[in-house]
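**Student:** Can you read through this structure? Questions will come right after.
The values are calculated or read from the model by the stated rules, or taken from the named source; none is laboratory data. Owing to the predicted nature of the structure, the values given are computational and were not obtained by experimental measurement. Ideal geometry is used to build each Cβ from the backbone, glycine not excepted, and the neighbour counts take in all protein chains shown.
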Amino acid sequence: MNPKEIERFFKGIAKDFNEDATFYLTGAAAGALMGGVRPSLDVDFGVELKAGGAKAWEQLANAIEKNKTLTGLGSNYDEDIDRWGMITLMDYQKHAPLFKQYGKLKVKVLEPAYWSIGKMTRYLEPDIADMEMVFQKKKVSAEILTGVWGKALKSSPRSASLLLFRKQVEGFLVHSGPKIWGKGFDAAGSIKNFHRSAGIDWRSV
């Protein structure tokens, strides 16, 4: 999947669904638009419909299914993608600049830090590779990332996933940090910043 295929998919939906809508793009497709190159056939996005009745949702579903067939791409979509993981995406709608508008359809892409919350939650090898590529391409600072990850951890409902997320953030900073930000990267300092943002007393961990 490349940016041209993603655009073709959204152009087709806009042509078949002539209603005001906003898509919040995340996952591998968002990564592709931000400089990632990993092969994938899935387009994942949140949906905001101005006319949100059952009829509009049915028409949108039909348009999406039609264009999945035409483009060969898969898709997952939801009225609220915050429900997809145990770690909250917080106010992701406010952190998704406009990518392009196709007719009445606006396509927005989550900022790298907010996009990466889902990647960090799942934390499979492809997710790690995606984050490494995007953070390098977009020159995202560790300070911004650890601030957002910490706030997401602090804002999430209590569950076993919180400790796992914390450990995954810490592991990523130690193992991927030097690759992204250079050999002199201060992983310990970034972990402390993450802990502060999450409300964790780093002196006791």
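**Student:** Can you tell me which of Lys139, Lys68 is more than 17 Å from Gln168 (Cβ to Cβ), touching a Gly at 6+ places or on another chain (Cβ under 7 Å) and not aliphatic (A, V, I, L, M)?
**Tutor:** Just a single option satisfies the conditions, and that option is Lys68.
**Student:** Also: When you go through Gly46, Gly27 one by one, which is the residue that is at positive phi and in contact with a strand residue (DSSP E or B) (Cβ under 6 Å, 6 or more places away or on another chain)?
**Tutor:** Just a single option satisfies the conditions, and that option is Gly27.
**Student:** Let me ask you something else. Could you pull out the residue among Gly35, Gly118 that is among the small types (Gly, Ala, Ser) and not in a helix (DSSP H, G or I)?
**Tutor:** On the way: Gly118 fails: not in a helix (DSSP H, G or I).
The conditions single out Gly35.
**Student:** Could you check Ile81 against (1) in contact (Cβ under 8 Å) with a residue 60 or more places away in the chain; (2) under 17 Å from Val109 (Cα atoms); (3) of a type in the set (A, V, I, L, M, F, W, C) and say which number it fails?
**Tutor:** Checking Ile81 against (1) in contact (Cβ under 8 Å) with a residue 60 or more places away in the chain; (2) under 17 Å from Val109 (Cα atoms); (3) of a type in the set (A, V, I, L, M, F, W, C), the one that fails is (1).
**Student:** Examine segment 42-65 for a residue that is loosely packed, with under 15 Cβ neighbours inside 10 Å and part of a strand (DSSP E or B), and state whether such a residue exists. Working first, answer last.
**Tutor:** If we filter segment 42-65 for residues that are loosely packed, with under 15 Cβ neighbours inside 10 Å, which is where we start, we get 42, 50-55, 57-58, 61-62, 65.
Of the ones still in play, those that are also part of a strand (DSSP E or B) are 42.
Within segment 42-65, one or more residues are loosely packed, with under 15 Cβ neighbours inside 10 Å and part of a strand (DSSP E or B).
**Student:** Just to be sure I understand, how many residues within segment 11-32 are in a helix (DSSP H, G or I) and under 25 Å from Thr88 (Cβ atoms)?
**Tutor:** Our first condition is that a residue be in a helix (DSSP H, G or I); within segment 11-32, this holds for 11-16, 27-32.
Among the residues that remain, those that are also under 25 Å from Thr88 (Cβ atoms) are: 27-32.
Residues flagged as in a helix (DSSP H, G or I) and under 25 Å from Thr88 (Cβ atoms) within segment 11-32 amount to 6.
**Student:** Six or more apart or on different chains, Cβ under 7 Å: which pairs go from a residue in segment 115-137 that's more than 12 Å from Ser176 (Cα to Cα) to one that's β-branched (Val, Ile, Thr) and surrounded by 22 or more Cβ atoms within 10 Å (Cβ to Cβ)? Could you list them?
**Tutor:** Partner pairs satisfying both residue conditions: Trp115/Thr26; Ile117/Ile87; Gly118/Thr26; Met120/Val169; Thr121/Ile87.
**Student:** Kindly establish whether Ile6 is closer than 20 Å to Tyr92 by Cβ, in contact (Cβ under 8 Å) with a residue 12 or more places away in the chain and assigned to a helix (DSSP H, G or I). Reasoning before the result, please.
**Tutor:** Details: closer than 20 Å to Tyr92 by Cβ: yes; in contact (Cβ under 8 Å) with a residue 12 or more places away in the chain: yes; assigned to a helix (DSSP H, G or I): yes.
Spelling it out, Ile6 is indeed closer than 20 Å to Tyr92 by Cβ, in contact (Cβ under 8 Å) with a residue 12 or more places away in the chain and assigned to a helix (DSSP H, G or I).
**Student:** Name the single residue that is nearest to Ile180 (Cα to Cα) among those in segment 21-49 being modelled with pLDDT of 90 or more and not hydrophobic (A, V, I, L, M, F, W, C).
**Tutor:** Here the answer is Gly31.
**Student:** Filter segment 83-101 down to the residues that are surrounded by fewer than 17 Cβ atoms within 10 Å (Cβ to Cβ) and not in a helix (DSSP H, G or I) and list them by number. Can you show your working first?
**Tutor:** First pass over segment 83-101, keeping only residues surrounded by fewer than 17 Cβ atoms within 10 Å (Cβ to Cβ): 83, 86, 91, 94, 97-98, 100-101.
Once the filter is applied, which keeps residues that are surrounded by fewer than 17 Cβ atoms within 10 Å (Cβ to Cβ) and not in a helix (DSSP H, G or I), segment 83-101 yields Met86, Asp91, Pro97, Leu98, Lys100, Gln101.
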